[in-house]
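What follows is a set of notes on a single structure, which appears directly below.
The values are calculated or read from the model by the stated rules, or taken from the named source; none is laboratory data. Keep in mind it's a predicted model, so treat the numbers as computed, not measured. Please note: Cβ atoms are built from the backbone with ideal geometry, for glycine as well, and neighbour counts cover all protein chains shown.
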Amino acid sequence: MTAHPSGDARPRVPFVVRAVGGVLLTAAVLAYLVVEALVAAAWPAPGYSYRDNYVSDLGVPTCAQQTNRWVCSPLFHTMNLTFFAVGAATLVGLLVLAATLTGVRRWVTVVFAIVNGGGIILVGIAPGSFAEDITNDPVQMLVHSLGALLAIAGTALHALIQGLWWIRSRPVIATVSLAFGALTPILLLGATLSGSSDLGLGRGTFERVGVYAAFAWLLVVAVALVTPVSPQRGRATV
């Protein structure tokens, strides 16, 4: 174990292990975006709307006309399996990040790895939240809604916490991390103050800002894993 001048104590985790973590997180993000587009494109007319449909609509197994939107996802199995796989990859990738840390920070990261990755897994296991009141199964809807909360809001909180920890040792990564972490609370605050549920963006766009910010932050972690703190300067090399 080595302690750098910045106070960012780090066990000697082999680069190959850190690289595997970074690859898993990057692959998770890319896989999600590709599968999301493919599943959305498979919808019958009038089709899937990135503006008006929730992300979770892609995994709902039933076709139905909802208020102001149509839900019918022929490839719902593909979407839900992808949620599960992406959640598992996120969990492992963040556990690799935890392995590079020590003390309280390590255990906080382990908890958030379970929260963030587990949340995405729950979204895939239990399709259909209270917003998609189609399955008529309150337990399933509760589990899905909890998973979505852990995945989106939980990742935003994790990004803010890691960003604060990275300020001294990784100023660039810290700034980007804090920016992505702040997007979800800023959106929610704006919606609350304006009395609007989606700030006029559309329910799908509003939700996606938080979802994509969470995935973008996973890419930030991937970069952090393969750019170790410089022992000479006590700060990140990026």
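Numbers below:
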read-out	value
Among the candidates L33, L25, L58, L38, residue that is in contact with a helix residue (DSSP H, G or I) (Cβ under 8 Å, 6 or more places away or on another chain) and over 22 Å from L122 (Cβ atoms)	L38
Residue tally, condition over 21 Å from L91 (Cα atoms), of a type in the set (S, T, N, Q) and touching a residue at least 24 places away in the same chain (Cβ under 8 Å), over the range 158-207	2
Residues satisfying the stated conditions in the range 14-70, i.e. more than 19 Å from V86 (Cβ to Cβ) and touching a Leu at 6+ places or on another chain (Cβ under 6 Å)	R18
Every pair of residues 6+ apart whose Cβ atoms lie under 9 Å, when the first sits in the range 50-66 and is touching a residue at least 40 places away in the same chain (Cβ under 8 Å) while the second is part of a strand (DSSP E or B) and aliphatic (A, V, I, L, M)	N53/V71; Y54/V71; D57/V71; V60/V71; T62/V71; A64/V71
Residue satisfying condition, being out of contact with any strand residue (DSSP E or B) (no Cβ under 9 Å at 6 or more places or on another chain) and over 25 Å from S49 (Cα atoms), within set A224, A191, A179, A213	A179
Whichever residue in the range 198-220 is of a type in the set (A, V, I, L, M), modelled with pLDDT of 90 or more and farther than 16 Å from G119 by Cα and, among such residues, is surrounded by the most Cβ atoms within 10 Å (Cβ to Cβ)	V220
Scan of the range 70-123 for residues that are surrounded by fewer than 20 Cβ atoms within 10 Å (Cβ to Cβ), in contact (Cβ under 8 Å) with a residue 40 or more places away in the chain and not in a helix (DSSP H, G or I), ordered by number	T102
Some residue of the range 124-138 being of a type in the set (D, E, K, R), free of Cβ contacts under 8 Å to residues at least 12 places away in the same chain and assigned to a helix (DSSP H, G or I)	no
